[in-house]
Amino acid sequence: MTVPEQFCSACGARLRAPRVRGEGAWNQHWRQGLSKAQQFIAYGDREADVRCPCGTVVELQNGPLSRNEIEHRERVYGNMVWLFHAVEAHAKNRLRLLLTPGKVHVNFNWQSPRQTIDACRRDVYLDLGASDQARGLHLVLKASRRYWQTSRLLGSGRLYTAQAFHSWMAHGVPLVPWNPENDISDDGYAQSTISTTASV
């Protein structure tokens, strides 16, 4: 997949980054346009992925992570949020969104989710990739309320564009929720056809 060239809306920086510390494409895309001073921040024996201008740590989590590791990072970093890779789950329709035009709150239904996500006590954001529901717009879901129902994770939250999330992370621009206005499918569910290496 060829990733189109993009630019940061806040500063105009070209959002392309060299490979950093052996990370995969997903992590690299989220790091694009960040200063070196914002990345790989030492916290005792740990190294946080990103620190926003407001001081909040953002942990970019693509692979699996144990409950113990989640709890440890939250203790060490304190003021932090999680950004989990959920592009593939959304693309395969395992993570579905129920959108209502004009309402920023959405419900979600995630079949066979990450098993350890309920260990998170800090805010959880899910990178959904491009959504057909939003004309291919790259979306991030803040999963504010979460509860389990057998093998499903259900809940509600708010959607943000990936551009808005990146602008907050890189420049401290306040996060404003995305408001679905048009093009809601007949069943009200968002679907995605993007690959797992979605760009920011």
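The values are calculated or read from the model by the stated rules, or taken from the named source; none is laboratory data. Predicted, not measured: the structure shown is a model, and the values here were computed from it. Quick reminder, even Gly has a Cβ in these numbers, built from the backbone with ideal geometry, and neighbours come from all protein chains shown. Protein only, heavy atoms only, side chains kept; ligands, DNA and RNA dropped before computing areas. Shrake-Rupley method; radii C 1.70, N 1.55, O 1.52, S 1.80 Å.
For segment 128-186, applying the loop criterion from DSSP together with a ceiling of 12 other beta carbons within 10 Å to the trypsin sites (Lys or Arg not before Pro) yields R135.
The stretch between N179 and E69 holds 36.2 nm of extra length on full extension. This uses 0.36 nm per residue minus the Cα-Cα distance.
Partners of K36 within straight-line reach, counting lysines whose Cα lies under 16 Å from its Cα and excluding those fewer than 8 residues away in the same chain: none found. Sorting S66, S131 on solvent-accessible area from highest to lowest, probe radius 1.4 Å, gives S66, S131.
On full extension, the segment bounded by V104 and R145 gains 13.3 nm, given 0.36 nm per residue less the C-alpha separation. Would you list which lysines come within 16 Å of K142, measuring only between C-alpha atoms, while excluding same-chain residues fewer than 8 positions from it? Cα-Cα hits under 16 Å: K103. Divide the volume of the convex hull around the Cα atoms of segment 75-190 by the residue count and you get 103 Å³ per residue.
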